[in-house]
Amino acid sequence: MANLTAQRWQAIQTNDACQDGRFFYGVTSTGIFCRPSCHSRLPRPEHLKLFLTAEAALTAGFRPCKRCRPTGQPVTATEWVTEIDRIIATHYAESLTLAELAQLAHGAPYYLHHVYQQQTGQTPLATLKQVRLQQAQQLLRTTTQPISEIAQACGFQSAAYFSTCFKQVFGQTPRRFR
Ligand SMILES: [Zn+2]
């Protein structure tokens, strides 16, 4: 691992392409690593781990960023979809928009939507809703939590919206299901 010097931190902040190839930075909160010039959201310095080679970052368990492709190889569509699914599974409880999802997955929203749909036959937001409803079903089955709390815990803006989505997919209201 390499040290976060003032010069390197500066390079990350300014997306300095001159430093590309000299070091790579992994972000512990996302598990993704980038080139200094990457235009992804600026990480917090305490989440950074620096490496002198892409191999070292891979060995340390970081995945290459889709946007700046630090290994020089394109991330395949399949790998990207796996990554998007992982993000959905981790963040479904938050109010996740396509733009936020794209930022977490290091890609442009339209492109992400397109690739995801092409690979899986459904949109990323449809998958997000599916994951939320599955989690809700699980909670209805295994807990006595009020419906409104379950709705919130699964990322639905309101209990009413949750009930509508639930009924659409499962043919009955959450209350009846329980
Ligand atoms: Zn990047």
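Quick notes
- Restricting the calculation to Cα atoms, the stretch 6-64 shows an Rg/Rh of 0.91 when the hydrodynamic-style radius is the Kirkwood one.
- Among I12, A160, F62 the positive-end extreme of the charge dipole of the chain (Cβ point charges): A160
- Average projection, convex hull of the Cα set of the stretch 136-178: 2.5 square nanometres.
- When only the Cβ of Lys, Arg, Asp and Glu is charged (+1, +1, -1, -1), the dipole of the chain relative to its Cα centre reaches about 420 debye.
- Rounded tilt (10° steps) of 159-170 against the dominant C-alpha axis of the chain: 80
- Here's the list of lysines a cross-link from K66 could span, going by alpha-carbon distance under 23 Å and ignoring same-chain residues fewer than 8 apart: K49.
- 3J(HN,Hα) from dihedral phi, the stretch 26-40, Karplus parametrisation 6.51/-1.76/1.60, rounded to Hz, x for glycine, proline: x, 10, 5, 6, 10, x, 10, 10, 9, 7, x, 7, 4, 8, 5
- For the chain, the Cα gyration tensor yields ellipsoid semi-axes of 38, 17, 13 Å (square root of five times each eigenvalue, largest first, whole Å).
- Under a 5 Å amide H cut-off, with hydrogens placed 1.01 Å from N, R63 pairs with I32, F33 among residues at least 5 apart or on other chains.
- Crossing angle, helix 109-120 versus the chain [Cα axis fit, 0-90 degrees, rounded to tens]: 70
- Partners for K129 among aspartates and glutamates (Cα-Cα distance below 14 Å; same-chain residues under 8 apart left out): D85, E94
- ³J(HN,Hα) computed for each position of the stretch 136-148 - Karplus, 6.51 cos²θ - 1.76 cosθ + 1.60, integer Hz, glycine/proline x: 5, 4, 4, 5, 5, 6, 10, 10, 10, 4, x, 3, 5
- Relative contact order [Cα under 8 Å, 6+ residues apart], the chain, whole percent: 15
Only the coordinates and a few stated rules stand behind these numbers; no lab work does. Values in this document were obtained by computation on a predicted structure and should not be read as measured data. Cβ: placed from backbone, ideal geometry, glycine included. Neighbour counts: every protein chain shown.
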